[in-house]
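A.B. asks: There's a structure below that I have some questions on.
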């Protein structure tokens, strides 16, 4: 009886602290080993969270910390590369040597985070704090959790003596959160040989969704919308505010913005979004389920698509290019008529749209030659990555074993990530993550950013299985 009780206790420790689902005897790992791995994953996570890697601080300290961990685990200095445009802005690229039977696979993650001020948080943002089943801290979701996960699994695989059939390359970079002088594009321009691969996995996109407290959907990101800003600007001669005239720069701009607010770009679906709505329908009910099933077929039923767009801003963004006013400025004195009024329009373009089409559409909608429209930044085209059956099969297999009943579906991200640079350079990218987040409480970039403790360790195990599956020849 004591032996049975001890065995049961060991299994419970494995499930609770190892974050595993007890599906078969193959999942049973000695509890002491599992807890040791958990400690490593925690230590790496804590170390990264507590290094400030906002844009002005740079990521060199974080890169050096992870490089030191890898060297201590036995990785050759010749396979660990610290490269970047400036000493305080260095990226880390590590290669795990395989048999060379397949082309390399690349995993990427960014180390930089958006700014977080102590007065805006209920706790210290650059300290890993565990509370009520969550880890809090800037970067716990975006995306130092994934960075720690990748390094922890490289160390685990090396400790186990695993020899993959292909090289595994991990690149931890900076400047994803608003800069463009470093990171993936810089590596492609200056050290492409270090990150050349058959395809890439980017945990910064895709991943698991929790709905009403239950894991619901596992998303495989195969494409993302294209980021582009436009400026609307009106200028006139102004004058004294005591003698107002009808021609007012602010009024003219306001009228243009009103016309834009009433406009919607056309509905447009692609292979990824059609499959997304078709597969996601199984988790819905009523009219929403019917409409999702309807628009997953060709030709697109526009009435069904518009009902979905109205019901959810997320679905609306999936279905069309969007442009929205995000910043406004104008005037030069309280007692003067404005000589200038300006607004920033942020557009997230459908992958099959282009900047010339969006600019022409904005001019047509605003229909006022007195409103100058200019493009503020350039975004590379981001072609869709092909839906690979081998990758989908691996994702479905691991997901069904760890989270039975969770639906796996390809998805188009409505935001942007570093994947766009690799896709533009001809390297297919797949957004895959085992870290589940609440669809109604995702705090990335926000106050009191957090991830569930269990979700973090489940994600560690998921990535371990994913790496082994994608680097073993079938």
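Read the figures in this text as sums done on the coordinates, not as results from a lab. If you're wondering where the values come from, they're calculated on a predicted model, not measured in any experiment. Heads up, the Cβs are rebuilt from the backbone with ideal geometry, glycines too, and the neighbour counts pull from every protein chain shown.
A.B. asks: Give me the angle, in degrees from 0 to 90, between the Cα long axis of helix 389-402 and the longest principal axis of the Cα atoms of the chain, rounded to the nearest 10.
C.D. replies: 70
A.B. asks: Using 0.36 nm times the number of residues separating residue 363 and residue 254, minus their current alpha carbon distance, what extension gain do you get? Could the numbers behind the result be given before it?
C.D. replies: Numbers: separation 109, 0.36 × 109 = 39.24 nm, distance 1.50 nm.
Result for the pair: 37.7 nm of gain on full extension.
A.B. asks: Something else about it: At what distance in angstrom do the alpha carbon centres of the range 223-290 and the range 422-438 lie from each other?
C.D. replies: 27
A.B. asks: Here is a further query. Would you mind checking the tilt of helix 355-366 against the longest principal axis of the Cα atoms of the chain, expressed as 0 to 90 degrees and rounded to 10?
C.D. replies: Here the helix axis deviates by roughly 40 degrees.
A.B. asks: How large is the helix-only mean residue ellipticity at 222 nm for the chain, computed as the sum of -39500 (n - 2.57) over DSSP H runs with n ≥ 4, divided by its residue count, in deg cm²/dmol to the nearest 500?
C.D. replies: Working: 15 runs with 176 residues, N = 474.
Per the formula, -11500 deg cm²/dmol.
A.B. asks: Using 7 Å Cα-to-Cβ label points, what is the residue 297/residue 396 separation (nm, one decimal)?
C.D. replies: Output for this residue pair reads 2.1 nm.
A.B. asks: List the relative contact order of the chain as a percent without decimals, with contacts defined as Cα pairs under 8 Å and 6+ residues apart.
C.D. replies: Numbers: 914 pairs, mean separation 109.5, N = 474.
Relative contact order here is 23 percent.
A.B. asks: So how do 145-152, 309-316 stack up, highest first, on mean other-Cβ count within 10 Å? Mind showing how you got there, number by number?
C.D. replies: Values: 145-152: 26.2, 309-316: 14.9.
Output ranking for 145-152, 309-316: 145-152, 309-316.
A.B. asks: For the pair residue 327 and residue 68, what calculated FRET efficiency results from E = 1/(1 + (r/R0)^6), where r is the Cβ-Cβ distance and R0 = 56 Å, to the nearest 0.05? Before the final figure, lay out each step's value.
C.D. replies: Numbers: r = 41 Å, r/R0 = 0.74.
Once rounded, the FRET efficiency stands at 0.85.
A.B. asks: Would you work out if the range 155-195 is rounded, prolate or oblate? Take a ≥ b ≥ c from the square roots of the eigenvalues of the alpha-carbon gyration tensor; rounded if a/c is under 1.5, else prolate when a/b is larger than b/c, oblate otherwise. Numbers along the way, then the final one.
C.D. replies: On the way: a/c = 5.07, a/b = 2.16, b/c = 2.35.
Since a/c reaches 1.5 but b/c is at least a/b, the shape of the range 155-195 is classed as oblate.
A.B. asks: Given a cut-off of under 8 Å on Cα pairs at least six residues apart, what relative contact order in percent is computed for the range 195-284? Don't skip to the end; give the middle numbers.
C.D. replies: Working: 34 pairs, mean separation 17.4, N = 90.
Taking the mean separation of contacting Cα pairs over the length of the range 195-284, I get 19 percent.
A.B. asks: Order of 289-301, 408-420 by packing, highest average Cβ count within 10 Å first?
C.D. replies: Numbers: 289-301: 16.5, 408-420: 21.9.
Going by the mean number of other Cβ atoms within 10 Å, highest first, we get 408-420, 289-301.
A.B. asks: Please give the length that would be gained between residue 425 and residue 214 if that part of the chain were fully extended, namely 0.36 nm times their separation in residues minus their C-alpha to C-alpha distance (nm, one decimal).
C.D. replies: That pair, residue 425 and residue 214, stretches by 72.2 nm at full extension.
A.B. asks: If you stretched the chain out fully between residue 198 and residue 242, how much longer would it get, using 0.36 nm times the residue separation minus the C-alpha to C-alpha distance? Each step should come with its number before you reach the end.
C.D. replies: Details: separation 44, 0.36 × 44 = 15.84 nm, distance 6.75 nm.
So the chain would gain 9.1 nm between residue 198 and residue 242.
A.B. asks: Does the range 224-375 come out rounded, prolate or oblate by the C-alpha gyration tensor, with a ≥ b ≥ c the root eigenvalues, rounded set by a/c under 1.5 and, if not, prolate when a/b is larger than b/c and oblate if not? Mind dumping the intermediate values first?
C.D. replies: Details: a/c = 3.46, a/b = 2.73, b/c = 1.27.
Prolate, since a/c reaches 1.5 and a/b exceeds b/c.
A.B. asks: Let me ask something additional. When only C-alpha pairs under 8 Å and at least 6 residues apart count, what is the relative contact order of the range 224-375, in percent? Numbers along the way, then the final one.
C.D. replies: Values: 242 pairs, mean separation 64.1, N = 152.
Value for the range 224-375: 42 percent.
A.B. asks: Based on alpha-carbon centroids, what's the gap between the range 33-56 and the range 155-222 in Å, whole number please?
C.D. replies: Measuring centre to centre over Cα atoms gives 17 Å.
A.B. asks: Let me ask something additional. Between the range 452-470 and the range 295-329, what's the alpha-carbon centroid distance in Å?
C.D. replies: Here the two parts' Cα centres lie 33 Å apart.
A.B. asks: Using only Cα atoms, tell me the angle between helix 2-18 and the longest principal axis of the chain; keep it within 0 to 90° and round to the nearest 10.
C.D. replies: That helix lies at roughly 20 degrees to the long axis.
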